[in-house]
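**Q** Below are the structure tokens for one structure; questions will follow.
The values are calculated or read from the model by the stated rules, or taken from the named source; none is laboratory data. In this text the structure is predicted, and so the values were computed from the model without any measurement. Reconstructed Cβ throughout: ideal geometry from the backbone, glycine too, with neighbour counts over all protein chains shown.
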Amino acid sequence: MRVRPWHILLATWIVVVLYAFPGYMNWDSGAQLWQARTKHYGDWYPPLMAVLWRYLDRIVGGPILMMLAQTGAFLWGLYAILETRFEARTAATIAAVLMLFPPILTPMAAVWKDAQMAGYLMAGFALALRPSRRARIAGVLLLALGTAMRDNAAAALPPLCLLICGAWGFRSRIRAFFAAVGLCVGIVVAVGVTSFAVTVEHAHPWYRTVAIMDMAGTICHADPMDDRELGELLAGTGRIDTTHLHDKICSLYNTRVWFALSQGDAHYWNDPVDRYERSARLHAWWQIVSEHPVAYLEHRAAVMAELLGLTDQPIWEPVCQTVNPNPNHKDELHHDFSLSIYQRVLGTTFVYRPWIYAVLSLIFLGWAVIARDRFVLAVAGSGLLYEASYFIVTAAPDFRYSHWMVTCTCITAATIFVERLRARRAASASPPA
């Protein structure tokens, strides 16, 4: 029996489902499932993900349908995108290899916003490139759903929208460009309005994470400030105690994560925050960053180095190692967890260092510009632009944040490698002139 593309894809998906079953959950996932079951949607996590989960949870309780949706959409999207460059069986084979590549597979096994985003963006991108109007509409809707899964997912859209609108047959590049801009803006606005409409509780995550980490990091990288100056600058943002304030903040500051700044007995900033503290933090953040831009950039570069794996620190959660949900919700969610030996060892390997993929993407991006390869340019550009957005928005170095860039890098690498290998074989097989 001849192996058909769907055989390869189905076999791959079965392996993925067996590996991921029933869908790993961490603290964030547990909180979102709780929101889905109580309809108390907050914006600390993407509210539309909880809305989607609510309906799927009614069919089969737990994370399994969410896991099937994200892995199925992702694998099919990989195949359909690669099919634009290769015949069907080759596209299916490459998609299977990429899907089972550990840095791509392991984040997709957990039901969290990053995997949901990747699945819907991948499938939406593939559908939007098709000539059918229905497929394009479905593709745009899936792109919007993927964008709703992460607050910075919009950064991945511009290169994809440019390629999509370029394939839609506009008469000029100018029209295609403005159509791409309109498509991006329309998706982002629609997602923002819808998410705001369904949100019941506004958690104000930026004020509680990035803002305080930026203030602390900028203060610690700038020239030392005396307690009086700092006390006036940070008035209303946190605790009143200003004794040894500079030393205290710097002792709490960590380039990897913001937790110690607002949690534990020694924290300086309160959590959660009221309206007056949010206003004070915004004012203090802007004043500190604008007066010490070099220190701010040094702080953000240090945080980005942690995210890219450029330090000696271990990679943060490459295999969803903290798969337990919030213990306050564990009994009512009825979800247990365990880790295999394979998963415990896997995350220590070099393939989980995101900086490797960033460097490769930059190389592929340069190659695409020279070769005028719009597909490689769009895919590599989407991954890099998304990763670059974390320079501003991240307050932790989770590996899953780099998953989209890793995926885009692997797609472009496979495309370039296979096509160049075929070209060499064709050249060697052709008779000499």
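**Q** In region 134-167, which residues are modelled with pLDDT of 95 or more and either surrounded by fewer than 16 Cβ atoms within 10 Å (Cβ to Cβ) or outside any helix (DSSP H, G or I) (or both)? Can you show your working first?
**A** Step one: of region 134-167, the residues modelled with pLDDT of 95 or more are 134-150, 152-165.
Passing the criteria: R134, A135, I137, A148, M149, R150, N152.
**Q** Considering only region 1-31, how many residues are in contact (Cβ under 8 Å) with a residue 12 or more places away in the chain, among the hydrophobic types (A, V, I, L, M, F, W, C) and in a helix (DSSP H, G or I)?
**A** Residues that pass the stated criteria total 11.
Results for (1) under 28 Å from V51 (Cα atoms); (2) assigned to a helix (DSSP H, G or I); (3) of a type in the set (F, W, Y), shown as yes or no for each residue.
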{"site": "A91", "(1), (2), (3)": "no, yes, no"}
{"site": "I94", "(1), (2), (3)": "no, yes, no"}
{"site": "I104", "(1), (2), (3)": "yes, yes, no"}
{"site": "P107", "(1), (2), (3)": "yes, yes, no"}
{"site": "D114", "(1), (2), (3)": "yes, yes, no"}
{"site": "Y120", "(1), (2), (3)": "yes, yes, yes"}
{"site": "F125", "(1), (2), (3)": "yes, yes, yes"}
{"site": "R130", "(1), (2), (3)": "no, no, no"}
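**Q** Since G264 meets every condition but one in (1) touching a residue at least 12 places away in the same chain (Cβ under 8 Å); (2) under 23 Å from W206 (Cβ atoms), which condition does it not meet?
**A** If we test G264 against (1) touching a residue at least 12 places away in the same chain (Cβ under 8 Å); (2) under 23 Å from W206 (Cβ atoms), just (1) comes out false.
**Q** In a helix (DSSP H, G or I) and over 25 Å from G192 (Cβ atoms): is that true of W34 in this structure?
**A** On the way: in a helix (DSSP H, G or I): yes; over 25 Å from G192 (Cβ atoms): no.
Answer is no for this residue.
**Q** Give the residue, chosen from L65, L78, that is free of Cβ contacts under 8 Å to residues at least 12 places away in the same chain and closer than 23 Å to A126 by Cα. Break it down into steps so the answer makes sense when it comes.
**A** Working: L78 fails: free of Cβ contacts under 8 Å to residues at least 12 places away in the same chain.
Checking each option against the conditions leaves just L65.
**Q** Restricting attention to region 147-205, which residues are touching a residue at least 40 places away in the same chain (Cβ under 8 Å), over 21 Å from the mean Cα position of the chain (by Cα) and under 27 Å from V406 (Cα atoms)?
**A** G166
**Q** Kindly establish whether Y296 is surrounded by 15 or more Cβ atoms within 10 Å (Cβ to Cβ) and not assigned by TED's automatic domain parsing to the domain that holds D151. Step through it out loud before you land on a result.
**A** Details: surrounded by 15 or more Cβ atoms within 10 Å (Cβ to Cβ): yes; not assigned by TED's automatic domain parsing to the domain that holds D151: yes.
For Y296, the condition - surrounded by 15 or more Cβ atoms within 10 Å (Cβ to Cβ) and not assigned by TED's automatic domain parsing to the domain that holds D151 - is met.
**Q** State the number of residues belonging to region 368-390 that are buried (at least 18 other Cβ atoms within 10 Å of the Cβ) and among the β-branched types (V, I, T).
**A** Number of matching residues: 2.
**Q** Report whether or not T218 is of a type in the set (S, T, N, Q) and not in a helix (DSSP H, G or I).
**A** On the way: of a type in the set (S, T, N, Q): yes; not in a helix (DSSP H, G or I): no.
The answer is no for T218.
**Q** Ok, one more. Quick one: W112 ticks every box in (1) out of contact with any strand residue (DSSP E or B) (no Cβ under 9 Å at 6 or more places or on another chain); (2) touching a residue at least 40 places away in the same chain (Cβ under 8 Å) bar one, so which box is it?
**A** Going through the list (1) out of contact with any strand residue (DSSP E or B) (no Cβ under 9 Å at 6 or more places or on another chain); (2) touching a residue at least 40 places away in the same chain (Cβ under 8 Å), W112 breaks only (1).
**Q** Sticking with this one: With the structure loaded, tell me whether T243 is touching a residue at least 40 places away in the same chain (Cβ under 8 Å) and β-branched (V, I, T) or whether it fails that test. Full working, then the answer.
**A** Working: touching a residue at least 40 places away in the same chain (Cβ under 8 Å): no; β-branched (V, I, T): yes.
When the stated conditions are applied, T243 does not pass them.
**Q** Which one of the conditions (1) touching a strand residue (DSSP E or B) at 6+ places or on another chain (Cβ under 9 Å); (2) not in a helix (DSSP H, G or I) does G61 fail to meet, given that it meets all the rest?
**A** It is condition (1) that G61 fails.
**Q** In this structure, is I288 surrounded by 18 or more Cβ atoms within 10 Å (Cβ to Cβ) and either among the β-branched types (V, I, T) or without any contact (Cβ under 8 Å) to a residue 12 or more places away in the chain (or both)? Reasoning before the result, please.
**A** Values: surrounded by 18 or more Cβ atoms within 10 Å (Cβ to Cβ): yes; either among the β-branched types (V, I, T) or without any contact (Cβ under 8 Å) to a residue 12 or more places away in the chain (or both): yes.
In short, yes.
**Q** Conditions: (1) of a type in the set (A, V, I, L, M, F, W, C); (2) modelled with pLDDT under 95; (3) surrounded by fewer than 18 Cβ atoms within 10 Å (Cβ to Cβ). V15 meets all but one. Number of the miss?
**A** Every condition holds for V15 apart from (2).
**Q** Can you report the number of residues in region 159-207 which are under 21 Å from L145 (Cβ atoms) and hydroxyl-bearing (S, T, Y)?
**A** If we filter region 159-207 for residues that are under 21 Å from L145 (Cβ atoms), which is where we start, we get 159-165, 167-168, 179-200, 205.
Now drop any that are not hydroxyl-bearing (S, T, Y), which leaves 194-195, 199.
Matching residues across region 159-207 total 3.
**Q** Hey, among the residues in region 215-241 that are β-branched (V, I, T) and surrounded by 12 or more Cβ atoms within 10 Å (Cβ to Cβ), which one's nearest to A395 (Cα to Cα)?
**A** Taking region 215-241 first, the residues β-branched (V, I, T) are 218-219, 237, 240.
Of the ones still in play, those that are also surrounded by 12 or more Cβ atoms within 10 Å (Cβ to Cβ) are 218-219, 237.
Numbers: T218: 13, I219: 16, T237: 18 Å.
If we take residues in region 215-241 being β-branched (V, I, T) and surrounded by 12 or more Cβ atoms within 10 Å (Cβ to Cβ), then T218 is nearest to A395 (Cα to Cα).
**Q** Among the residues in region 49-56, are any in contact with a Pro (Cβ under 6 Å, 6 or more places away or on another chain) and charged (D, E, K, R)? Reasoning before the result, please.
**A** Start the filter on region 49-56 by keeping residues that are in contact with a Pro (Cβ under 6 Å, 6 or more places away or on another chain), which leaves none.
No, region 49-56 contains no residue that is in contact with a Pro (Cβ under 6 Å, 6 or more places away or on another chain) and charged (D, E, K, R).
**Q** If only one of M122, M67, M117 is aliphatic (A, V, I, L, M), at pLDDT 95 or above, within 27 Å of D398 (Cα to Cα) and touching a Pro at 6+ places or on another chain (Cβ under 8 Å), which one is it? Explain how you work it out, then say what you get.
**A** Details: M122 fails: touching a Pro at 6+ places or on another chain (Cβ under 8 Å); M117 fails: touching a Pro at 6+ places or on another chain (Cβ under 8 Å).
Going through M122, M67, M117 in turn, the sole match is M67.
**Q** Return only the number of the condition from (1) in contact with a Pro (Cβ under 6 Å, 6 or more places away or on another chain); (2) surrounded by fewer than 23 Cβ atoms within 10 Å (Cβ to Cβ); (3) within 27 Å of V418 (Cα to Cα) that A92 does not satisfy.
**A** Condition (2) is where A92 drops out.
**Q** With respect to A73, determine if the residue is surrounded by 22 or more Cβ atoms within 10 Å (Cβ to Cβ), in the same structural domain as Q35 (by TED's automatic domain parsing), in contact (Cβ under 8 Å) with a residue 60 or more places away in the chain and touching a Lys or Arg at 6+ places or on another chain (Cβ under 8 Å). So that I can check it myself, show each step before the final result.
**A** On the way: surrounded by 22 or more Cβ atoms within 10 Å (Cβ to Cβ): yes; in the same structural domain as Q35 (by TED's automatic domain parsing): yes; in contact (Cβ under 8 Å) with a residue 60 or more places away in the chain: yes; touching a Lys or Arg at 6+ places or on another chain (Cβ under 8 Å): no.
In short, no.
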